[in-house]
1. Using θ = phi - 60° and the Karplus curve 6.51 cos²θ - 1.76 cosθ + 1.60, what whole-Hz ³J(HN,Hα) does each residue of the range 106-113 get, with Gly and Pro shown as x?
2. Assuming a ≥ b ≥ c are the square roots of the Cα gyration tensor eigenvalues, decide whether the range 74-148 counts as rounded (a/c under 1.5), prolate (otherwise, with a/b larger than b/c) or oblate.
3. Would you mind putting 27-33, 15-21 in packing order, based on average other-beta-carbon counts within 10 Å, highest first?
4. Applying the Karplus parametrisation 6.51 cos²θ - 1.76 cosθ + 1.60 with θ = phi - 60° to the phi angles of the range 82-88, what ³J(HN,Hα) value in whole Hz is obtained for each residue in order, glycine and proline being reported as x?
5. If the limit is 18 Å between Cα atoms, which of Lys103/Lys134; Lys39/Lys81; Lys68/Lys103; Lys68/Lys110; Lys103/Lys150 go over it?
Amino acid sequence: MIKSETLDPYETVLAFLYAGRNVGLNKIHIQKGVFIASKYIEKPIKYLETNLWEDAIDKVVRQLISNKDLSGGRVLRLTEKGLTRAISVWDKLDDNEKIILTKIADFISKMSVDELLLYTYIMYGDHMKPVVLKRILRKRRSIAMSIYLKGLISLGLAAELAGISLLEFINYMKKKHVKPYIAEEKDLKEIERL
């Protein structure tokens with residue numbers, strides 16, 4: 001990411017927030033976003049290679065708030081000072097790294113916390129507190145359906161997140177009075193043509 005062998009977590013979080021167009025994310029979105037980004041960026045992120053990465057990101061967020069680079073509260077946004085610093089970090093990234101961070105930030109910013117927790121747990125084997133995991137897994141079908149209906153994932157991936165087969169997931173959606181397929185205008189025109 002940054003032109004060095006490892007990435008500084010402080011700069012990584014700044015770049016991630018900038019990639020998200022400073023829409024305002026909560027701490028969990030930042031934690032999970034940086035975690036997902038670490039899977040796709042070739043250089044390791046310094047201090048985030050252990051199971052303590054959530055603690056490391058929490059510490060970085062507290063530093064960003066303390067240094068007045070980030071606003072406090074439930075929704076976190078870069079301040080003017082933080083935005084200036086984030087731009088200087090962003091300018092050091094190569095184009096591929098910018099694309100990766102932007103796609104991940106855009107993707108996760110559209111998810112609720114529960115959606116993001118289920119997604120990262122199933123897709124990346126992310127660790128979470130047993131009580132949280134139990135709560136998420138108890139509602140995994142409805143959470144997976146919600147992510148699918150937002151258009152963020154395919155029907156097949158939604159079934160995977162729900163922990164059931166594709167056919168079972170389609171039937172689940174039908175029972176909830178949700179059409180599992182959304183016809184596009186071009187599809188309807190093709191049907192009319194036939």
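1. 5, 4, 6, 5, 8, 9, 6, 4
2. It is prolate, given that a/c is not under 1.5 and a/b is the larger ratio.
3. 15-21, 27-33
4. Listing the rounded values in order: x, 5, 4, 5, 4, 5, 5 Hz.
5. Details: Lys103/Lys134 29 Å; Lys39/Lys81 29 Å; Lys68/Lys103 26 Å; Lys68/Lys110 26 Å; Lys103/Lys150 16 Å.
The answer is Lys103/Lys134; Lys39/Lys81; Lys68/Lys103; Lys68/Lys110.
Every number here is computed from the coordinates shown, using simple stated rules; none is lab data. Small disclaimer: the values here were computed from a predicted structure and weren't measured. Positions of Cβ are backbone-derived with ideal geometry, glycine not excepted, and every protein chain shown enters the neighbour counts.
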